[in-house]
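The values are calculated or read from the model by the stated rules, or taken from the named source; none is laboratory data. It should be emphasised that the depicted structure is a prediction, and the values quoted were computed from it without experimental measurement. Cβ placement follows ideal geometry from the backbone for every residue including glycine, while neighbour counts extend to all protein chains displayed. Heads up: the accessible areas ignore ligands, DNA and RNA and are worked out on the full protein's heavy atoms, side chains in. Shrake-Rupley method; radii C 1.70, N 1.55, O 1.52, S 1.80 Å.
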Amino acid sequence: MVTTTDPRSQAPTSAPATAPALHVADSHELIRVQGARENNLADISIELPKRRLTVFTGVSGSGKSSLVFGTIAAESQRMINETYSAFVQGFLPTLARPEVDVLEGLTTAIIVDQRRMGGDARSTVGTVTDAGVLLLLRILFSRLGRPHIGPPGAYSFNVPSVRASGAITVERGAAKAVKKTFTRTGGMCPRCEGRGAVTDFDLTQLYDDSRSINDGALTIPGYSVDGWYGRIFGGCGFFDPDKPIRRFTKRELHDLLYKEPTRIKVDNVNLTYEGLIPRIQKSFLAKDVDALQPHVRAFVERAVIFTTCPDCGGSRLGKAARSSKISGISIADACAMQISDLARWVDELAEPSVAPLLTALHHTLDSFVEIELGYLALDRPSGTLSGGEAQRVTMIRHLGSSLTDVTYVFDEPTIGLHPHDIARMNDLLLRLRDKGNTVLVVEHKPETIAIADHVVDLGPGAGTAGGTVCFEGTVAGLRASGTLTGRHLNDRAALKATVRTPTGRLEIRGATANNLRDVDVDIPLGVLVVVTGVAGSGKSSLVHGSLPPLFGPAGAGAGSRSTRGGDGEAVVGALVSIDQTAIRGSRRSNPATYTGLLDPIRTAFAKANGVKPALFSANSEGACPTCNGAGVIYTDLAMMAGVATTCEQCEGKRFETSVLDHHLGGRDISEVLAMSVTEAAEFFGAGEARTPAAHAILGRLANVGLGYLALGQPLTTLSGGERQRLKLATHLAAKGGVYVLDEPTAGLHLADVEHLLGLLDRLVDAGRSVIVVEHHQAVMAHADWIIDLGPGAGHDGGRIVFEGTPADLVAARSTRTGEHLATYVGT
């Protein structure tokens, strides 16, 4: 009923209310997915409400990413790409339509994932930020900087100064030659070319001077005498390849090391000869060192000495750019500031002529602070950002966006965040929703699941045991649903009744890496130690930056460091460091190849059948000649999505038919690669196929909860949590005495965390020392000793605020970590 007023009596009367008819445009309030079969999705159908926050949960590998990223977001992006002209589509990535019957109600999808930022040596936080904060800063200095040195490019370390002069021909009337001079002022430091560091080489790591080139003197990865490099060095004529390098003349040694690119002819083939140093600089040092293959990265760390550029002091900028200042601050000083400090400095600038510029800059810098990144500096190399930091940097451009009815897709936005910081992240997600956007979040943290308007729980297991919708509804409904996630949602790890007794200690004295403030700390050995603190408090700087330097490999991808105990005796074993770096691999890579499991399997097959091991590799002699061992044939359709069809000759098995005639224990190689880890462990554990080396690797995979994984499953189809555990299993093979793990719970479901804690206990009980950099309260509660850094981030952190047992931390409640841990354990 609607209340109205009679104009004659002024007395209220009642009239029947007529609800307005629903406009047809308002009927599209759902995203409908029917028959989704991408990866392990089992023909599922769901309806997601628009303009709401939907959280997708489930164990690692249950199909969350396949549904959210591989189906909904992928189809949205594909359809947007199709609106461009054929010419533009030729430059865009070709996306195939997901395996789904019906997708309705899609809106523009903006994906904010955990992909770590790569970039070359010149890539920094300022250059990779989508909001263009460094560009705004350069414009500001080009307008207000004194002395004035030029346009914004004069303050850019990516722009070199250029001077040229000469004659040009002007085709106007009678053509005539005119002398012209061209000058461009750039901000690049000419000494380091904008990298902030200069390199020197340890020549003893490049070659063995007692040997000749033909005798294998070169020790650089990939520079084999048997390949093209051997032909180039042997036929260049600049030196005798059969003479030991120590007997080279100065000219010959210069040509070997530094000669500029020169055209030569070897065996009637035109080639380019270039000295070793410039070639290494182009092939290895022009890339992000962390993105190199492990053996190449190890070589670079041995052979190349990086020192701060003496001319620019590491600022990357030339003298002129450093001399131009605003209120006594140069652009180099501004970029080196902590962003929260830079924001305050910008606020203090009162210049009406650039007011719009200052407003935009102020808004962008405040966005950094809002998402808990105020401790970063704009000159920090982008390759050093964690996956969580990179994701939050990407978020900045969206916080002040005026767009509505957009679908934002987040992949675990709370990774790398302390419980204190998660509340701020939750507020940002709700702000995006409240502006009229659809927010889809893949998440494991209970704190973020709790704020969802709608929850989709996938499972019940992982891989082939998952891919179905176990629950769809409210958070309260999830708690009462009885699903694996519902049962673990209220889990709380109890504090240990007793903790282990340390067997020694690792002394760190006067640590000053990054924001650490002359930290002295003793890390107990023989126990489980958790290093915690808010994001940016100095945890990684303490553990990774303050331990003794790397001196050699200790297993696949691990670092071996010599450490000393508090009594002065050497700690038995090496230090094995397992960081957050994502594992790399193509569609040809799989768990068997990544872990080294395929080597003992191939050897066992070869021995049982009296043939070469190479026959049992789909990347070598045993590959199907039609699909070259890929199992599928890819057809490139230019700007349209490529088509992958199963190879008809090998039927997707990847191997030549004759190879499949060889058996081990009654199975051929393709059947073995189709086994799960659990099945393979039983197969190689006894009987005719018993292979101890393979069984040991399979045992490590099972220990990290990957028993369901198929040995031949492409790495490109694994979830983030599965990749994290696969990497952990590989590093467990290293013979280390001290293990350092950096946020091992990243990407793990609440139930998977229990498996991880069991694994950490087994490591410690086997006599190892385990140091974990972690935010998860369950891991903190399970620790024997906690080191808490803070109290804040950046220059507000870098101090030890607590050392002791978890029980003491909870009892004291003297730090942010203590408060959150006390709440978590319910005391």
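A few comments on the model shown:
- Verdict on VAL266 being under 27 Å from ASP379 (Cβ atoms) and open to solvent by less than 70 Å² (accessible area, probe 1.4 Å): no
- Hits in region 644-687 (condition: open to solvent by 60 Å² or more (accessible area, probe 1.4 Å), part of a loop (DSSP other than H, G, I, E, B) and closer than 18 Å to GLY463 by Cβ): ALA674
- Pairs meeting the criteria (first residue in region 242-255 and in a loop (DSSP other than H, G, I, E, B), second residue of a type in the set (Ser, Thr, Tyr) and surrounded by 15 or more Cβ atoms within 10 Å (Cβ to Cβ), beta carbons under 8 Å, at least 6 apart or on different chains) are ASP242/SER212; LYS243/SER212; PRO244/SER212.
- Breaking point among (1) at pLDDT below 85; (2) under 21 Å from VAL225 (Cβ atoms), for ASP288: (2)
- At least 3 residues being over 25 Å from the mean Cα position of the chain (by Cα) and either closer than 28 Å to GLU389 by Cα or modelled with pLDDT of 85 or more (or both) is the threshold, and among the strands (runs of 3 or more DSSP E) wholly inside region 506-597 those reaching it are 519-525.
- Which listed residue is modelled with pLDDT of 85 or more and either over 40 Å from the mean Cα position of the chain (by Cα) or of a type in the set (Phe, Trp, Tyr) (or both), from TYR258, TYR229, TYR223: TYR258
- VAL33 being in a strand (DSSP E or B) and open to solvent by less than 30 Å² (accessible area, probe 1.4 Å): yes
- Scoring VAL456 on the criteria (1) open to solvent by 20 Å² or more (accessible area, probe 1.4 Å); (2) closer than 16 Å to SER66 by Cβ leaves a single failure, condition (1).
- Breaking point among (1) surrounded by fewer than 16 Cβ atoms within 10 Å (Cβ to Cβ); (2) touching a helix residue (DSSP H, G or I) at 6+ places or on another chain (Cβ under 9 Å); (3) among the β-branched types (Val, Ile, Thr); (4) not in a helix (DSSP H, G or I), for VAL88: (4)
- Residue that is modelled with the lowest pLDDT, among those in region 95-143 that are surrounded by 20 or more Cβ atoms within 10 Å (Cβ to Cβ), in contact with a Ser or Thr (Cβ under 6 Å, 6 or more places away or on another chain) and of a type in the set (Gly, Ala, Ser): ALA131
- Residue within region 238-258 that is open to solvent by 50 Å² or more (accessible area, probe 1.4 Å), under 18 Å from PHE284 (Cα atoms) and touching an Asp or Glu at 6+ places or on another chain (Cβ under 6 Å) present: no
- Flag for ALA298 being open to solvent by 30 Å² or more (accessible area, probe 1.4 Å), among the aliphatic types (A, V, I, L, M) and closer than 30 Å to ALA154 by Cβ: no
- Scan of region 42-58 for residues that are surrounded by 21 or more Cβ atoms within 10 Å (Cβ to Cβ) and touching an Asp or Glu at 6+ places or on another chain (Cβ under 8 Å), ordered by number: LEU53, THR54, VAL55, PHE56, THR57, GLY58
So that you can scan it fast, the table gives a plain yes or no per residue for (1) modelled with pLDDT of 85 or more; (2) touching a Phe, Trp or Tyr at 6+ places or on another chain (Cβ under 9 Å); (3) open to solvent by 10 Å² or more (accessible area, probe 1.4 Å):
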residue	(1), (2), (3)
ASP421	no, no, no
ALA450	yes, no, yes
VAL469	yes, no, yes
ALA493	no, yes, yes
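- Scanning region 142-155 for residues that are under 33 Å from the mean Cα position of the chain (by Cα) and touching a residue at least 40 places away in the same chain (Cβ under 8 Å) returns ALA154, TYR155.
- The residues on offer are ASP421, ASP366, and the sole one that is assigned to a helix (DSSP H, G or I), under 27 Å from the mean Cα position of the chain (by Cα) and without any contact (Cβ under 8 Å) to a residue 24 or more places away in the chain is ASP366.
- Within region 118-164, if we keep just the residues that are of a type outside the set (Val, Ile, Thr) and assigned to a strand (DSSP E or B), the residue that is nearest to LYS319 (Cα to Cα) turns out to be ARG146.
- Conditions (1) at positive phi; (2) surrounded by fewer than 21 Cβ atoms within 10 Å (Cβ to Cβ); number of the one not met by GLY63: (2)
- Elements of type helices (runs of 4 or more DSSP H) contained in region 256-351, each with 3 or more residues being under 30 Å from THR185 (Cβ atoms) and acidic (Asp, Glu): 339-348
So that you can scan it fast, the table gives a plain yes or no per residue for (1) assigned to a helix (DSSP H, G or I); (2) among the polar types (S, T, N, Q):
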residue	(1), (2)
VAL441	no, no
HIS444	no, no
ASP457	no, no
THR464	yes, yes
PHE471	no, no
LEU478	yes, no
SER481	no, yes
ARG487	yes, no
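- Residue match in region 80-88 (condition: at negative phi, touching a strand residue (DSSP E or B) at 6+ places or on another chain (Cβ under 8 Å) and touching a residue at least 40 places away in the same chain (Cβ under 8 Å)): no
- With respect to (1) open to solvent by 80 Å² or more (accessible area, probe 1.4 Å); (2) polar (S, T, N, Q); (3) in contact (Cβ under 8 Å) with a residue 24 or more places away in the chain, the lone exception for SER210 is condition (1).
- Taking each residue of region 663-675 that is at positive phi and looking for partners that are at pLDDT below 90 with beta-carbon atoms closer than 7 Å, six or more apart or interchain, yields GLY665/GLY687; GLY665/GLU688; GLY665/ALA689.
- Among the residues making up region 165-204, those that are touching a residue at least 12 places away in the same chain (Cβ under 8 Å), open to solvent by less than 50 Å² (accessible area, probe 1.4 Å), hydrophobic (A, V, I, L, M, F, W, C) and assigned to a strand (DSSP E or B) are MET188, ALA197, VAL198, PHE201.
- Residues of region 319-346 satisfying the condition of being touching a helix residue (DSSP H, G or I) at 6+ places or on another chain (Cβ under 6 Å) and open to solvent by 40 Å² or more (accessible area, probe 1.4 Å): ARG322
- Close contacts from region 301-325, counting a first residue that is under 15 Å from ASN158 (Cβ atoms) and a second that is open to solvent by 90 Å² or more (accessible area, probe 1.4 Å) and not in a loop (DSSP other than H, G, I, E, B), with Cβ to Cβ under 9 Å and a gap of 6+ residues or different chains, come to CYS312/LYS319.
- Pairs where the first residue, in region 22-51, is farther than 24 Å from ALA452 by Cβ and the second is surrounded by 14 or more Cβ atoms within 10 Å (Cβ to Cβ), C-beta under 6 Å, 6+ apart: GLY35/VAL100; ARG37/GLU99; ASP43/ARG37
- Within region 779-818, the set of residues being among the acidic types (Asp, Glu), in contact (Cβ under 8 Å) with a residue 60 or more places away in the chain and open to solvent by 20 Å² or more (accessible area, probe 1.4 Å) comprises ASP796, GLU803.
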